[in-house]
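These notes are about the structure you will find just below.
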Amino acid sequence: MLSITKKKIKRIAIFGDADAKETDQHYIDAFNTAKLLAQNGYIIVNGGGPGVMLASTLGTKSVNGKVEAVIIDEKVDMGKNYEGPAIVNKKNVDEIYRTKNIQNRTEKIVELADAHIVFKGGTGTMAELALVWEKAKFEYGKHEPLIFYGDCWKNTIETLIENLNFDKIERKVYEFADSPEEVLKIIKNKKGFKRKINIGLFGNLRNLIDKF
């Protein structure tokens, strides 16, 4: 669970699938999450591309919020496998930062943001969250919250934690969220929260018996 941080949170980065379509649930979730955060005064930062990045821009602008995008300079040839900046995204953002390569782009997003939300994605998303996670460890106490959105991440992260050598601090800088409201709660409180677990009738009876 995310331990409390003293980090002042103003900008929030959105990471995720560049191939997400408007009908995909993680696209819809990114739109609604960015919208709610913008309504509460936060600035959204993304990579200026399509998919989840575009969704977060459009969600933010639907309530007249502010968005900043970090892209690789259009003059740089990144090859056919790079999604590139989305024209619609570029037209809607309030400020664009241009970098020379994919590494610089990721580093700039992480530099700008004070908290990070990770939606369903691929290798690019994994690379981004790895940098955020490592940085959070080094800055523990003033760490930038790392929030994994959706069921897709729970088994993935729990399997990583179980099978790899994560230390105590690395386990205390992230949280899971299932709704925009949970994301906002985490950001505002600057810490994770305990979830209510439905233990059923027999579980409740056991708890009552244990009290005597």
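A few points about this structure:
- Flag for N104 being part of a loop (DSSP other than H, G, I, E, B) and either modelled with pLDDT of 95 or more or of a type in the set (S, T, N, Q) (or both): no
- Beta carbons closer than 9 Å, at least 6 apart along the sequence or on distinct chains, pair a first residue in region 10-28 that is on the phi > 0 side of the Ramachandran plot with a second that is among the β-branched types (V, I, T) for G16/V52; G16/I117; G16/V118; G16/T125.
- Subset of region 104-148 that is touching a residue at least 12 places away in the same chain (Cβ under 8 Å) and of a type in the set (F, W, Y) - its residue that is farthest from D24 (Cα to Cα): Y140
- Among the residues of region 55-90, those that are basic (K, R) and part of a loop (DSSP other than H, G, I, E, B) comprise K66, K75, K80.
- Among the residues of region 12-30, those that are surrounded by fewer than 23 Cβ atoms within 10 Å (Cβ to Cβ) and more than 20 Å from A127 (Cα to Cα) comprise K21, E22, T23, D24, Q25, I28.
- Selection count, region 158-185, where residues are out of contact with any Lys or Arg (no Cβ under 7 Å at 6 or more places or on another chain), in a loop (DSSP other than H, G, I, E, B) and hydrophobic (A, V, I, L, M, F, W, C): 2
- Residue match in region 104-127 (condition: farther than 30 Å from P85 by Cβ, over 15 Å from the mean Cα position of the chain (by Cα), surrounded by fewer than 19 Cβ atoms within 10 Å (Cβ to Cβ) and not basic (K, R)): no
- Test: residue in region 56-73 that is under 15 Å from A30 (Cα atoms), loosely packed, with under 14 Cβ neighbours inside 10 Å and touching a helix residue (DSSP H, G or I) at 6+ places or on another chain (Cβ under 9 Å): yes
- Test result for A30, in contact with a strand residue (DSSP E or B) (Cβ under 9 Å, 6 or more places away or on another chain), outside any loop (DSSP other than H, G, I, E, B), more than 24 Å from K194 (Cα to Cα) and not acidic (D, E): no
- Pick from region 12-71, criterion among the hydrophobic types (A, V, I, L, M, F, W, C) and in contact with a Ser or Thr (Cβ under 6 Å, 6 or more places away or on another chain), ranking: farthest from Y149 (Cα to Cα): V67
- If you go through region 107-152 and keep only what is among the acidic types (D, E) and in a loop (DSSP other than H, G, I, E, B), you end up with D114, E139, E144.
- The residues in region 11-27 that are closer than 17 Å to V88 by Cβ and part of a helix (DSSP H, G or I) can be counted, and the count is 1.
The values are calculated or read from the model by the stated rules, or taken from the named source; none is laboratory data. This is a predicted model, so every value here is computed, not measured. Quick reminder, even Gly has a Cβ in these numbers, built from the backbone with ideal geometry, and neighbours come from all protein chains shown.
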